[in-house]
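These notes concern the structure reproduced below.
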Amino acid sequence: MLLDTLLMGNFRMFSNAVWHLILPSFVLSTTIMPILARLTRSSMLEVLRQDYVRTARAKGLRENIIVIRHALKNALLPVVTVVGLQLGGLLGRRAAHGDALLLARHGFVTYGAILSRDYPIVQAAVLASATIYVFVNLLVDISYAYLDPRIRYR
């Protein structure tokens, strides 16, 4: 729906729709953000105690280069894992429930199909949720190779 609006050239309607997506996106992220902040903090504290960070400080590198290039890149692996799991679950649930963002009609159709025992539609909804979840986890696995050069896929 949003993409159709943009492709038709109605930029005012598109910007209005994006503006109305801010609050639902914020509400959906409030449960995930504290978990991610705490995990990032603990992971960074653990990485900053490693020997290679001490070596980088001894070499005289600036603190922001040490933190961003060396420490944060290694500390993001567990954070990316949790983000992928949370995002996959969140998008999968949104596809099944459809009570927020762009999938409102899909959720009502799925709910009606469950109540009327329309199994092909229920199976399609479950398949859509599972496909979204698997796709997000694939993106997380691919991002591991970028974040950690020791990880290579053959």
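The values are calculated or read from the model by the stated rules, or taken from the named source; none is laboratory data. Not measured: the values here are computed from a predicted model. Here the Cβ positions follow ideal geometry from the backbone for every residue, glycine too, while neighbour counts run over all protein chains shown. Areas reflect the complete protein model, heavy atoms only, side chains present, ligands, DNA and RNA absent. Shrake-Rupley method; radii C 1.70, N 1.55, O 1.52, S 1.80 Å.
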Next on the checklist: On a 1.4 Å probe surface of the protein chains, which of 151, 22 comes out largest in accessible area, and what is the full order?
Outcome noted: 22, 151
Checklist entry - What length, rounded to one decimal in nm, is gained on full extension from residue 54 through to residue 16, with 0.36 nm per residue of separation minus their alpha-carbon distance? => result 8.7 nm
Next on the checklist: I'd like the accessible area for residue 111: 1.4 Å probe, protein heavy atoms, all chains in place, Å² to the nearest 10.
Outcome noted: 140
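Scan segment 36-88 for trypsin sites (Lys or Arg not before Pro) in coil per DSSP, keeping those whose Cβ has at most 15 other Cβ atoms within 10 Å, and list them by number.
For trypsin sites (Lys or Arg not before Pro) across segment 36-88 that sit outside H, G, I, E and B with at most 15 neighbouring Cβ atoms in 10 Å, the list reads 49, 59, 62.
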